[in-house]
Structure formats: C-alpha cells, structure tokens
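What follows draws every value from the coordinates through simple rules; no lab data is involved. Since the structure is predicted, the reported quantities are computational estimates derived from the model, not experimental observations. A quick note on method: Cβ atoms are made from the backbone with ideal geometry, for glycine too, and the neighbour counts reach across all protein chains shown.
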Amino acid sequence: MRSHPRIPGLIGLLFIPLCAWLFAEPPPGATPLSPPKPPASVAPHVPANWKAGTALAVITPPKMLWMAGYAARKKPAEGKVQELFAKALALEDESGNRLVVVTLDLIGVPQELRQDVADHVQQTYGLPPANLVLNASHTHSGPQLRTRPVTGEDLKNPKLTDAFAYTEKLKTDICTVVGQALGNLAPARLTWNKARCGFAMNRRRDYTLPPEHPNANKAPNPDGPVDHEVPALRVEAPDGTPRAVLFGYACHNTALGFYNYCGDYAGFAQQYLEEHRPGFTALFITGCGADQNPYPRRSDVVPGITDLELAMQHGRSLSNAVEVALIANPRPVGGPIRAAYEEIQLDYAKAERSPHAYPVQVIRFGSDLVLITLGSEVVVDYSLRFKKEFAGPAGVWVAGYTNDYNGYIPSLRVLKEGGYEAAAGWAESVEDRIVEAVHRLYRQVSGPREQAWDTTKDAKSTKG
Ligand SMILES: [Zn+2]
C-alpha cells in the first residue's frame, strides 16, 4: 500500500479545532451555541427583482417635554427607557415606481406635518404624495406635537414652544430618512405572510348587555371584535440576508402610562426583532386599533408585574408572531407598485362644524398584496370589513393612524352605540364615505384580473 504521510498531519490539524469546538465547556447552565449559519433565503424561488433601502433617525427629544396621549398628565417627561425612532423603508419595482413607508414612535401624524413632508419629498426626490405612507405607532410615551406656530402670550409657555420646535425638527428628520432610504436602494427580494398575536382585546363595554348588568362595563370585552392578524412584509438581500421587516398590529400602544420616553410594546417588538440581526430594520405599522388595548394592562392587574414588564412581554409576544410570519410559507410579492391617495370630506353631525379633509390611500403590490391606509384612530370594524370585502388572490393589509391625526373614526355601529370612540361628533355618513373612497381607490389601482373575489356570487353558488 502506498503511504500518505501528509494525511495524518492534515487530520491532526482539523481534529484539534474540531475537538476544541466539540468539547468546549459551555458556561454552567447555558445551552451550547451552534456555529453561525450563513444567510439563507426563505424563498429562493422568488426573484430578487426589487430594490429596497432603509434608514432611521433617533427622534427622542433631547429635552424633557410634555408627553402625548393622556390628558391627565401633570408634568413633563422625566427620563427615557427607549429611544424613539423615525424609520423609512423605500421600495422600487422593476419599472422604477417607488414607495416610501415611514414609521414613527409617536402619538400620531398631524396632517400639516404630512403635507409639508409630502411636498418636500415630491420636490426633492420626485416621490408622488400617493406613494408616501406616514404611520405612527400611537405610543403614549412620546412627546406632544404641535404644528401651529406659537404666538402672543403663548410664547411664554415652554410646553407649547418646545412642542412646536420639536415638531419642526421632526419634519426635517423625516425628510432626511426618506432621502437616505431612497439613497440606500439595493437589489432585494420581497415576500409576505401573516401570523397571529392575541393580547389585543376590545376595550369597549359590552353593548349587548344592559347597562345595569354587573359585567356590562368590565373591560376588556372578550366578545368584542378584534383583528389579531400580524402581517409582515419581509425584505431580504439576493443572498438571503434579512434586511427589513414591515409589520403591523391593531392595538393601542398604551401598556405604559409613566413619564419616560418609550415606544411601548411596539418599541420593544421592534427592538427584539433587530437586536440579533446586524443591519436589520424592523418597522411597525399600527392597524385599526382605536378600540383595542393591550391586555393584561397596568400593574394592579398582575400582582408583582410592573407596567414596563407587561409592555416588554407584549412586545415579545408580537415579535414572536412576526418571527413566525417571517418563515411561514413565504408568499412572493411582485410589482408593479400602484398607489392612489385622496382626501375625502368627512362631515360632523353639527352642520356648523367645517368638514374634515380625511386621507385615504390604497397601495397595490402587483397581484400579491394591497395596503389600505386610513387617517386617525380607526376602530377595528373597518379592518375586518375591508379584509372581507377585498378578499381575493392578493393579501389585504389595513392600517390606521396614517397621514392624519384627528381623533377617533368610529364605524356606524360604534357611532350608534356611543362611548369614548364615538365622541368626536361625526355624522352618520362617516363609514359610508370612507368605504366608498376605499373601493374607488382600490379600483383605480387594480387591473381587470386583480379585482377581489365576488363574495356575493360565491355565497350564492355555495347555496345553489
Ligand atoms: Zn388613542
């Protein structure tokens, strides 16, 4: 036999590090770590025919400002648990159509702010206003915003002057992240799917019970409508490296009511998704969560658990749902991007009140996904209704808290029932106006083969 004198030496060279890895003592109690895996696409069959870019800016106020969301606040912020972010995801299809989604860890998107940002990015980058989405997480642990200049006696009030100065700077920051995200466009693959997460519950009283019933006012109402879907749009590099996820949930960010800046459960969900993925951006879009709160809520409900721990637990639940959505049978997302935007007239019940210009937006990703965005605090009935009415080959994603922040938007049911979410004084035409507009815009962005299934016909044929 021929000898191979070099082989024992080679084996030795390989054997020693292998043994060192196999028999290395993990710290007591720790699970041994497996070697890092190279990135792998979750959907290698899907062509990487998009371009995507992300950018973010820290928008935590450097000063301790008055905080938004609860009228009962008695003093400005006292600290920070988490940074607040403005994040942008820019997408470009094969034909060069672009979409930019900006998510904000803030209470809302004032209409004047949206207008100024939309004007600027149209002039600077040529991005049509219909192709710009500005969504707020509705965290109640962020600063108050003010778009109206401060004048006269109010100039002596730092609460107002600080809020105005912060909001002016915020506009610049948002324009900057939009420009950076567009500047970072690089080849990408898009897929989407959804998972479920259950901590949102309907917070309105059970109107099916008489008011004198002992449980009528006990929130949350387990029989009230909810939308527990967690849609997630995954962006990965052509080699499979995850780059970003845009995800949604329909629930108030009100686990917290303290005096520290924090993104609430959505802030923690984004943090958890990003922390073990270098260079990865997680962006949260609020759904139609106006009548939804995160439960359990507030420390006195769960003995020994603080509000902050509950916010982190809800954040973990949501991030876990997103992790599932990221790997579960990824559905391809193709182009082209088609977007339509309109400001419709919403009337108040009192005729002397001026109508409100209310933004409605529909964005289509080819025949795969449709994103419907609505302004202000929209109750869950809208989300459930549109998902039913537009059920079809394309996924349907409905966001509230987008491009406007002007109080609650009840459905006709909620308006008639009354209560907190019905108190803004809208006319009973509110739901019809919004539904008509969404259907009109949906038709504008859909080709003849991309219409929703005719569910009426399906129902008839099942019967027949
Ligand atoms: Zn709210």
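Structure notes:
- Pairs exceeding 19 Å between alpha-carbon atoms, taken from Lys51/Lys171; Lys51/Lys87; Lys74/Lys159; Lys87/Lys388; Lys51/Lys387; Lys63/Lys156: Lys51/Lys171; Lys87/Lys388; Lys51/Lys387.
- Share of pairwise Cα separations in the stretch 322-365, more than 11 Å, in percent: 76
- Volume of the Cα convex hull of the stretch 76-140, divided per residue and given in Å³: 102
- Counting all C-alpha pairs of the stretch 252-297, share separated by more than 13 Å (%): 61
- The slack between Ser367 and Asn217, meaning 0.36 nm per residue of separation minus the straight C-alpha distance, is 49.6 nm.
- Order of Val245, Val435 - criterion: other Cβ atoms within 10 Å of each residue's Cβ, fewest first: Val435, Val245
- Per-residue ellipticity at 222 nm from helix content only, as computed over the chain with -39500 (n - 2.57) for each DSSP H run of at least four residues, stands at -9500 deg cm²/dmol.
- With both residues required to sit in the chain, DSSP beta bridges show an antiparallel share near 75%.
- The shape of the chain can be summarised by an equivalent ellipsoid whose semi-axes, obtained from the alpha carbon gyration tensor, come to 40, 28, 25 Å from longest to shortest.
- Cα shape, the stretch 37-169, gyration tensor, a/c 1.5 rule: oblate
- Using a Förster distance of 22 Å, the FRET efficiency for Asp239-Glu94 (Cβ separation, nearest 0.05): 0.70
- Cα gyration tensor shape of the stretch 276-330, rounded if a/c is under 1.5, else prolate or oblate by comparing a/b with b/c: prolate
- Förster radius 25 Å - calculated FRET efficiency between Val301 and Glu428, Cβ distance, rounded to 0.05: 0.10
- Shape of the stretch 205-354, Cα gyration tensor, a/c cut at 1.5: oblate
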